[in-house]
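Below is one structure, written out as structure tokens, with a few remarks after it.
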Amino acid sequence: MTTAIDLDKLDLAALLCSRVCHDVISPVGAIVNGLEVLEDEDDPAMKAFALDLIAKSAKQASARLQFARLAFGAAGSAGAQIDTGDAEKVARGFIEDDRTRLTWQVPRVLAPKNKVKLLLNLLVVATTTIPRGGHIAVDATGEGDEGGLRLRTEGSHSRVPPHLVRLLDGEAVEGGALDAHAIQPHYTGLLARAAGYGFDIAHEGDGVTIRVERV
């Protein structure tokens, strides 16, 4: 017998804030370290290294905040639409790096807010299925606002993480408590149900397929 996650609005907000802070603390910390090197070092090579570190970390922090603003933020009033082109831009900035590449095959349209937020959160979920990096492909299925989504990940050691499906379904896991990591798939499930979508996740070959269809 499964038990639904019982989480009040204040705890949900607090955990989502913790998740955003978790994502940006590393690049912000690297910026601070780079500034300390600039203050303490006279070696031109070390100063150049510090400036490069600051520039890269600032770009990463900005990309993560822009993604969080669209994926977790209000992004307009109730019933608002979001440009999927904007979603693609923030998704690439957040996901693509030396280990992971993204193929985006979603038409550029104005789509319902919660559907776009769902797509962005599904991309975060998809990254957890390829812990050593790889390829993520996302495309739209069907047409218009009622159409679904398909995400396919490929990479070494691909897997469906423990408890992922239960968290997406809004079911409590062993121990019961949610943390800043577990809140993201739980929130993804909340978005899906609010937008009227259901999930199907399968480990197929060397990757994982996530299908999202209207229910």
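A Cβ distance below 8 Å, combined with a sequence gap of six or more or placement on separate chains, defines the contacts here; from region 185-202, residues that are touching a residue at least 60 places away in the same chain (Cβ under 8 Å) and farther than 10 Å from Asp169 by Cα reach residues that are of a type in the set (D, E, K, R) and open to solvent by 20 Å² or more (accessible area, probe 1.4 Å) in the pairs Ala195/Lys115; Tyr197/Lys115; Tyr197/Glu213; Tyr197/Arg214. In the set (1) open to solvent by less than 50 Å² (accessible area, probe 1.4 Å); (2) touching a helix residue (DSSP H, G or I) at 6+ places or on another chain (Cβ under 8 Å), the condition left unmet by Pro107 is number (1). Tell me, yes or no, whether region 169-192 has at least one residue that is touching a strand residue (DSSP E or B) at 6+ places or on another chain (Cβ under 6 Å) and not in a loop (DSSP other than H, G, I, E, B). Among the residues of region 169-192, not one is touching a strand residue (DSSP E or B) at 6+ places or on another chain (Cβ under 6 Å) and not in a loop (DSSP other than H, G, I, E, B), which makes the answer no. Please name all residue pairs, on different chains or six or more residues apart, with Cβ atoms under 6 Å, provided the first residue is in region 143-154 and is acidic (Asp, Glu) and the second residue is surrounded by 17 or more Cβ atoms within 10 Å (Cβ to Cβ). Sorted first by the residue in region 143-154, then by its partner, the pairs are Glu154/Gly134; Glu154/Gly207.
Among the residues making up region 102-141, those that are over 17 Å from Arg92 (Cα atoms), in contact (Cβ under 8 Å) with a residue 40 or more places away in the chain and in contact with a Lys or Arg (Cβ under 9 Å, 6 or more places away or on another chain) are Thr129, Thr141. Entry remark, region 194-215: residues being surrounded by 16 or more Cβ atoms within 10 Å (Cβ to Cβ) and outside any strand (DSSP E or B) number 1 in total.
Selection of region 120-150 for residues being part of a helix (DSSP H, G or I) and either open to solvent by 10 Å² or more (accessible area, probe 1.4 Å) or small (Gly, Ala, Ser) (or both) yields Ala126, Thr127.
The values are calculated or read from the model by the stated rules, or taken from the named source; none is laboratory data. Given the structure is predicted, the values throughout are model-derived calculations rather than measurements. Note that each Cβ is placed from the backbone with ideal geometry, even for glycine, and that neighbours are counted across all protein chains shown. Only protein heavy atoms, including side chains, enter the accessible area calculation; ligands, DNA and RNA are left aside. Shrake-Rupley method; radii C 1.70, N 1.55, O 1.52, S 1.80 Å.
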